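Peer 1: Here it is, the structure in full.
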Ligand code: SF4
């Protein structure tokens, strides 16, 4: 057996952040957030207003604590200032294309769950091309997010390679949100035009993670968590992270994500990062969220993340309502989806295929663009060109 095979046997899920996350205890994290005082928040805000030095995850914990609630306006002013400094008055637009709703996993909160008895759809390359053309009629989108359930034998690396080649003539910036893959597969896909990978850890709580993901490859917490290292090692240009709000204590989950982001930035410093805070939406699974994040709390979480990291892209999807998205444009958000369909083939027709979740913002892309411009922001449809590859 070669050294490499021996290592693989000893560590079937590889090395990465899963090796270091154990240094932070979940309950201690929750207790530390709850113990934050007004004086702690004021100290962090004084540090944040000096700019320059980045905040630490411990500083971030103060800003998401209940004690920070009275400081929301002050935080919002700072977040607005740093976002404009780094990104100008711009919001980038992207659109998701669901290529398959087949999935081998059994996530208890998702309508695409393997046990949910409905006919699955996986788009052919001809159908993907038709979706590209239909999207182009909706608006001058140049950033495409290709999404699938996790079914490697149907939507594995070869399928994704062909999908990227099919979409490439229509979009300069291609990102995937699919099952975590091996490093060499990510490398292969970057040679086929892949720019970014989005993957949600869903929750960093190791034991609870197993309850939410009882079967399928996704049940392996370490494999998913170390997937971000594999993306970094493969030289993926941009990595998107997120936790699903509605599963476990959201303050502990986003703190773990902040720690994870700092770890990745230290190890894979050439890569750019984006974060997303999706709140659980109704789906065919009928699953009800365990925890609720109010609009005010999500606003504070968003501005806190901007103060924590001035450069990270903060993305809001159509899960959120039009009113809330419009209000958040000035407070740290830098990219938004619009016109989204979450069922495969949804742009060409309104098929019977099951959607992953119900969208809240049903405005057309041009309506969303007009709303952005009314706030005094420029809509950026294209922020990447193939010649950079
Ligand atoms: S959340 Fe993703 S992996 Fe889980 S069942 Fe749904 S599509 Fe599959």
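Peer 1: Taking the conditions exactly as written (within 30 Å of residue 120 (Cα to Cα), part of a loop (DSSP other than H, G, I, E, B) and touching a helix residue (DSSP H, G or I) at 6+ places or on another chain (Cβ under 7 Å)), does residue 332 satisfy them or not?
Peer 2: No; evaluated as a whole, the condition is false for this residue.
Peer 1: Here's a follow-up. For the list (1) more than 30 Å from residue 287 (Cα to Cα); (2) out of contact with any strand residue (DSSP E or B) (no Cβ under 9 Å at 6 or more places or on another chain); (3) at pLDDT 95 or above, I need the number of the one condition that residue 5 fails.
Peer 2: (3)
Peer 1: Go through the range 88-105 and count every residue that is within 16 Å of the ligand (Cβ to nearest atom) and touching a helix residue (DSSP H, G or I) at 6+ places or on another chain (Cβ under 8 Å). Break it down stepwise before answering.
Peer 2: We begin by selecting, within the range 88-105, every residue within 16 Å of the ligand (Cβ to nearest atom); these are 96-105.
Cutting the leftovers down to touching a helix residue (DSSP H, G or I) at 6+ places or on another chain (Cβ under 8 Å) gives us 97, 99, 104-105.
Residues flagged as within 16 Å of the ligand (Cβ to nearest atom) and touching a helix residue (DSSP H, G or I) at 6+ places or on another chain (Cβ under 8 Å) within the range 88-105 amount to 4.
Peer 1: Sticking with this one: Within the range 286-316, track down each residue that is touching a residue at least 60 places away in the same chain (Cβ under 8 Å), assigned to a loop (DSSP other than H, G, I, E, B) and crowded, with 18+ Cβ neighbours inside 10 Å.
Peer 2: 287, 309, 310
Peer 1: Follow-up question, since we're still on this one. Which one is farthest from residue 238 (Cα to Cα) among residues in the range 170-205 that are surrounded by 22 or more Cβ atoms within 10 Å (Cβ to Cβ) and out of contact with any helix residue (DSSP H, G or I) (no Cβ under 8 Å at 6 or more places or on another chain)?
Peer 2: 173
Peer 1: Determine, yes or no, whether residue 383 is modelled with pLDDT under 90 and closer than 20 Å to residue 140 by Cα.
Peer 2: yes
Peer 1: Kindly indicate whether residue 150 is within 16 Å of the ligand (Cβ to nearest atom) and under 25 Å from residue 270 (Cβ atoms).
Peer 2: Details: within 16 Å of the ligand (Cβ to nearest atom): yes; under 25 Å from residue 270 (Cβ atoms): no.
No: the conditions fail for residue 150.
Peer 1: Quickly run through the range 174-205 and pick out the residues that are under 30 Å from residue 250 (Cβ atoms) and outside any loop (DSSP other than H, G, I, E, B).
Peer 2: Narrowing the range 174-205 to residues under 30 Å from residue 250 (Cβ atoms): 175-181, 186, 195-205.
Matches in the range 174-205: 175, 176, 177, 186, 196, 197, 198, 199, 200, 201, 202.
Peer 1: Only one of (1) more than 30 Å from residue 226 (Cβ to Cβ); (2) within 16 Å of the ligand (Cβ to nearest atom) fails for residue 68. Which number is that?
Peer 2: Failing condition for residue 68: (2).
Peer 1: When you check residue 84 against the structure, is it away from the ligand (no atom under 16 Å from the Cβ), surrounded by fewer than 15 Cβ atoms within 10 Å (Cβ to Cβ) and within 28 Å of residue 363 (Cα to Cα), yes or no?
Peer 2: Considered against the rule, which asks whether it is away from the ligand (no atom under 16 Å from the Cβ), surrounded by fewer than 15 Cβ atoms within 10 Å (Cβ to Cβ) and within 28 Å of residue 363 (Cα to Cα), residue 84 comes out as yes.
Peer 1: So how many residues does the range 206-229 have that are within 12 Å of the ligand (Cβ to nearest atom), touching a helix residue (DSSP H, G or I) at 6+ places or on another chain (Cβ under 7 Å) and either within 9 Å of residue 13 (Cα to Cα) or part of a loop (DSSP other than H, G, I, E, B) (or both)?
Peer 2: 2
Peer 1: Also, quick follow-up: With the requirement that a residue be touching a residue at least 60 places away in the same chain (Cβ under 8 Å) and touching a strand residue (DSSP E or B) at 6+ places or on another chain (Cβ under 7 Å), what does the range 273-285 give you? Walk me through it before giving the result.
Peer 2: Start the filter on the range 273-285 by keeping residues that are touching a residue at least 60 places away in the same chain (Cβ under 8 Å), which leaves 274, 276, 278, 280-285.
Once the filter is applied, which keeps residues that are touching a residue at least 60 places away in the same chain (Cβ under 8 Å) and touching a strand residue (DSSP E or B) at 6+ places or on another chain (Cβ under 7 Å), the range 273-285 yields 274, 276, 278, 280.
Peer 1: Right, residue 52: under 24 Å from the mean Cα position of the chain (by Cα) and modelled with pLDDT under 95 or not?
Peer 2: The answer is no for residue 52.
For every residue, the table says whether it meets (1) within 26 Å of the chain's Cα centre (by Cα); (2) free of Cβ contacts under 8 Å to residues at least 24 places away in the same chain.
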| position | (1), (2) |
| --- | --- |
| 23 | yes, yes |
| 36 | no, no |
| 43 | no, yes |
| 47 | no, yes |
| 57 | yes, no |
| 71 | no, no |
| 85 | yes, no |
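Peer 1: Quick check on my filter: what residues within the range 129-158 are closer than 23 Å to residue 110 by Cβ and buried (at least 22 other Cβ atoms within 10 Å of the Cβ)?
Peer 2: Across the range 129-158, the qualifying residues are 131, 144, 145, 146, 148, 149, 151, 155.
The values are calculated or read from the model by the stated rules, or taken from the named source; none is laboratory data. As the structure is a computational prediction, the values presented were derived from the model and not from experiment. Neighbour counts run over all protein chains shown; Cβ positions are idealised from the backbone, glycine included.
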